[in-house]
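These notes concern the structure reproduced below.
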Amino acid sequence: MIRFDNVTKRYAGGRDGLSEVNLEVEAGELVFLTGHSGAGKTTLLKLIALIERPTRGQVLVDGRNIGRLPARAIPKHRRSLGMVFQDHKLLPERTVFENVSLPLIIAGMPRREIARRVRAALDQVGLLGRESAKPESLSTGEQQRVGIARAVVSRPGLLIADEPTGNLDPALSLEIMTVFKRLNQVGVTMLIATHDLALLDLVGGRRVVLADGRVSGGSG
Amino acid sequence: MRQWLTRHAQNCVASVGRLVAHPGGTLLTVAVIGVSLALPAGLNILVRNGEALAGGWESVRDFSVYLQPGAELANAQALVNELENVVDIQSVELVTADAALKELRDSGGFAGVLDGLEKNPLPHTLVVRPKAEVPAANLERLAAELGKRDIVDQVRLDTDWVARLNALLDLTRRGIWLAAGLLVGAVVVIVGNTIRLDIENQRAEIEVAKLLGATDAFVRRPFLYAGFWYGLVGGLFALAVVAGGLALLGGPVARLSMLYGGSFRLVGLDGTSSLAVVGGGLLAGLAGAWVAVARHLAAIQPKV
Ligand SMILES: Nc1ncnc2c1ncn2[C@@H]1O[C@H](COP(=O)(O)OP(=O)(O)OP(=O)(O)O)[C@@H](O)[C@H]1O
Ligand SMILES: [Mg+2]
């Protein structure tokens with residue numbers, strides 16, 4: 001599903017976010033990406049989402065070298081995966097329903113189908129009934145779950161998440177992880193960056209450890 | 001295709017919703033656009049009314065060409081034929097010396113004096129009617145040229161004030177084009193700036209949309225629709241302003257005309273001009289939005 005072949009990402013200014021990373025994630029896997037702050041976790045996810053391009057090496061998603069995709073092909077690529085952000089990136093002016101429906105509107109889905117899918121996604125994260133609430137009236141954990149619902153509403157085969165539990169207390173974190181595990185059980189491939197090692201001990205799953213931009217351990 | 005149309009329709013309606021959601025700012029923008037477009041439209045009406053007014057004195061544009069006393073009738077006729085072929089001239093009437101004398105005699109008063117003459121002292125005269133749209137400058141050139149001919153004694157072009165009016169109308173017409181150009185340019189800038197602010201205000205939404213895989217076209221569309229609506233409603237607003245102005249002036253003008261024994265009525269905007277106002281507004285709105293979108297949307301790239 002995802003393959004990194006000797007990938008180096010050098011930022012403008014000369015800092016290497018990633019150095020010669022090799023990594024393979026099979027379809028259906030649940031992989032946790034860990035490592036110290038500045039290790040390159042976010043950089044790795046940004047390369048997958050084409051927010052950044054690799055300086056050297058190949059990033060393959062579904063067998064395609066996405067590093068070579070032209071700019072106009074980026075939107076389609078992004079629509080094919082789900083993304084969860086640490087700061088959840090919900091639109092504060094929009095209701096929960098509108099926020100979750102955004103990927104489907106972007107994809108041009110008919111309205112009726114959208115309503116059905118949005119409710120199904122909200123149901124998966126246990127937020128059915130909060131559709132007309134504004135994000136700010138939700139708790140942090142609930143907001144994060146809305147973000148997850150938005151990431152899965154278009155039923156992507158791959159979901160990437162950058163510290164989705166970074167702002168949450170242990171109980172909420174575990175709740176979020178449970179949601180991820182459930183999604184993984186229905187076949188979604190997942191790559192989740194986190195430095196919450198205690199949580200990982202509870203959840204299990206494969207780990208890839210990054211240090212200074214290199215894969216330093218885990219089952220990479 | 002149907003899906004594409006539906007999406008456009010939804011966007012179109014949604015953009016109205018967004019504009020209505022901020023009535024204050026939207027109204028202000030529409031009003032500024034409306035006034036900007038109403039100005040050239042109003043000037044246009046001024047000129048059209050001036051033309052209507054000037055057109056009523058068409059005969060004043062006629063001018064008389066007095067031939068040398070004793071000029072041959074055949075030569076006079078030849079000149080008539082020649083002038084009738086000049087593009088600026090609509091018709092030429094030859095008043096022969098005999099006809100002029102008869103007319104003078106019939107009008108009475110001079111009977112005794114005229115009878116005492118053994119020769120007709122009057123020359124042949126040509127009454128030239130220029131075409132309506134011929135500018136005064138052409139008439140003057142024509143008159144001067146005719147005056148230089150041997151057969152011609154004198155040309156009386158008594159159209160000074162009509163010439164001035166026409167010159168003024170001409171100037172105003174050009175002024176309108178200039179003003180219209182400038183003001184449409186202003187509308188482009190106004191809409192462009194408004195859309196720029198809209199884009200700035202929706203920066204977060206645009207970033208998120210791009211992160212979720214929105215194409216440039218998707219992100220662009222609502223802003224182009226907004227520009228479209230600003231322009232369209234601004235154009236209609238301009239028509240309303242013009243109609244209001246005409247309604248205010250119509251009564252007094254009719255009264256004034258009546259006092260002068262005339263039947264002059266104010267001419268309003270015709271269909272073509274109305275369409276030009278609305279269409280111009282619409283295009284200027286779209287253009288403004290396009291400029292803003294082209295300059296500011298690409299710069300917004302999502303950061304994580
Ligand atoms: N836009 C950028 N420009 C320059 N350098 C960057 C940029 N983004 C990241 N870096 C550098 O690349 C390295 C890896 O950063 P990255 O954000 O991938 O780390 P991380 O593992 O996500 O850290 P954290 O746990 O703090 O989020 C860091 O040294 C960072 O300073
Ligand atoms: Mg990070």
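Of note:
- Test: B:Ala243 is surrounded by 23 or more Cβ atoms within 10 Å (Cβ to Cβ) and in the same structural domain as B:Val291 (by TED's automatic domain parsing): no
- Subset of segment A:80-111 [modelled with pLDDT under 90 and either part of a helix (DSSP H, G or I) or under 20 Å from A:Phe4 (Cα atoms) (or both)]: A:Arg111
- Which numbered condition B:Gly234 fails, given (1) under 22 Å from B:Leu39 (Cβ atoms); (2) over 19 Å from the mean Cα position of the chain (by Cα); (3) without any contact (Cβ under 8 Å) to a residue 60 or more places away in the chain: (3)
- Scanning segment A:123-146 for residues that are assigned to a helix (DSSP H, G or I) and either outside the structural domain of A:Ser101 (by TED's automatic domain parsing) or touching a helix residue (DSSP H, G or I) at 6+ places or on another chain (Cβ under 8 Å) (or both) turns up A:Gln124, A:Pro135, A:Thr140, A:Gly141, A:Gln143, A:Gln144, A:Arg145, A:Val146.
- Qualifying positions in segment B:193-228 - under 31 Å from the mean Cα position of the chain (by Cα) and surrounded by fewer than 23 Cβ atoms within 10 Å (Cβ to Cβ): B:Asn193, B:Leu224, B:Tyr225, B:Phe228
- Matching residues, segment B:197-218, being out of contact with any strand residue (DSSP E or B) (no Cβ under 9 Å at 6 or more places or on another chain) and not in a helix (DSSP H, G or I): B:Gln202, B:Ala214, B:Thr215
- Selected residue (criterion: farthest from the other protein chains (Cβ to nearest Cβ)) from residues of segment A:97-118 that are in contact (Cβ under 8 Å) with a residue 12 or more places away in the chain and not hydrophobic (A, V, I, L, M, F, W, C): A:Arg117
- Within the option set A:Glu98, A:Glu163, A:Glu175, A:Glu113, being acidic (Asp, Glu), within 30 Å of B:Thr6 (Cβ to Cβ) and either touching a helix residue (DSSP H, G or I) at 6+ places or on another chain (Cβ under 8 Å) or in the same structural domain as A:Gly40 (by TED's automatic domain parsing) (or both) holds for one residue only, A:Glu113.
- A:Arg15 surrounded by fewer than 19 Cβ atoms within 10 Å (Cβ to Cβ), touching a Ser or Thr at 6+ places or on another chain (Cβ under 9 Å) and away from chain B (no Cβ under 14 Å): no
- Positions within segment B:73-92 being in a helix (DSSP H, G or I) and more than 13 Å from B:Leu146 (Cβ to Cβ), in sequence order: B:Leu73, B:Ala74, B:Asn75, B:Gln77, B:Ala78, B:Asn81, B:Glu84
- Restricting attention to segment B:211-234, the residues being hydroxyl-bearing (Ser, Thr, Tyr) and within 14 Å of another protein chain (Cβ to nearest Cβ) number 1.
- Condition check for A:Val153: under 20 Å from A:Leu81 (Cβ atoms) and either buried (at least 22 other Cβ atoms within 10 Å of the Cβ) or within 16 Å of ligand 1 (Cβ to nearest atom) (or both): yes
The values are calculated or read from the model by the stated rules, or taken from the named source; none is laboratory data. All of these numbers come straight from a predicted model, not from anything done at the bench. No Cβ is skipped: glycine too gets one built from the backbone with ideal geometry, and neighbour counts run over all protein chains shown.
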